[in-house]
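The values are calculated or read from the model by the stated rules, or taken from the named source; none is laboratory data. Worth saying up front: this structure is predicted, and the values here are computed from it rather than measured. With ideal geometry, Cβ positions are generated from the backbone for all residues, glycine too; neighbour counts draw on all protein chains shown. Surface areas here come from the heavy atoms of the whole protein model, side chains and all, with no ligands, DNA or RNA. Shrake-Rupley method; radii C 1.70, N 1.55, O 1.52, S 1.80 Å.
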Amino acid sequence: MRAQVNVSGKPGLIFIPSAKVLDDGTFSVGVTHVPIHYSFRFNTRNSENIYFVNLALLPRLEINFNLLRPNGPIRFQDRGIGDRQLDVKYSFLTEKVLRPSIALILSAPFGIDQSLVTYALAATKNVRLTETLTAEITAGYSSPYYVYRDDKDLNFGSVNIFSDYKIRNKRDRPYYYLAGPFGGININYKRKGGIMAEWDSQHLNVGVYVTLFKDWTVQAGLLNGDQVTLGTSYTFSLLRLPKRLTTPDEAN
């Protein structure tokens, strides 16, 4: 099952994640551009690019790795390699006729500066509108608090990743990601493209996307009626056999 991806490469809309369950072995890779007024770590100073990979590792279990890097001139001491983050998503309920899929998304707390930290519970339900149109509705809640490592006095030559943990309110940051209720709707046409609208806990965003050649998705969003975000991703199955190895039934 294919899925539109959000800013960090997870199944979702523009900024918010969804509870869509991917087929085992589904792998996505891509990049998203976040404009300067809505960038996360370098808000109002630099726009940012978020590079990501996402893998449906086991039934109902996904792992996501993303790397946030600022654009434009900036000191290496401030830029570094970029903010690295590892997220895990587990879908403990799959979608049925009368119930939505429900998933828990958690960020590993080992990083020192995680701008996209996510502790969220999401529910997603698909509603068939016509023969060609489907509405995918998502609602959820993200904790405004998160666990982080206090790096003020860390010696980077001997970092203990199991020390210096603290709890912080996301709203203390200049610009935060997902704190409170969120929701949105994705209306897609034959899974070839669609339009989206979401509330990301801070702003109302709208967007469009199109899927080309079955695997390549290009998307654009307007954040809070103000600035444009762009992204692209390529999704395929790691379990897909080469055509020369498939049986006639599998090929169809």
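Values computed for the structure shown
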{"item": "Whole-angstrom gap from the stretch 93-128 to the stretch 1-55, using each part's C-alpha centre", "result": "13"}
{"item": "Virtual spin-label span in nm between L238 and L212, 7 Å along Cα→Cβ", "result": "2.7"}
{"item": "Solvent-accessible ranking of H33, H203, largest area first, probe 1.4 Å", "result": "H33, H203"}
{"item": "Residue-level accessible surface for W216, protein heavy atoms, 1.4 Å, Å²", "result": "100"}
{"item": "Sites E131 and V31, calculated FRET efficiency, Cβ-Cβ separation with R0 35 Å, nearest 0.05", "result": "0.55"}
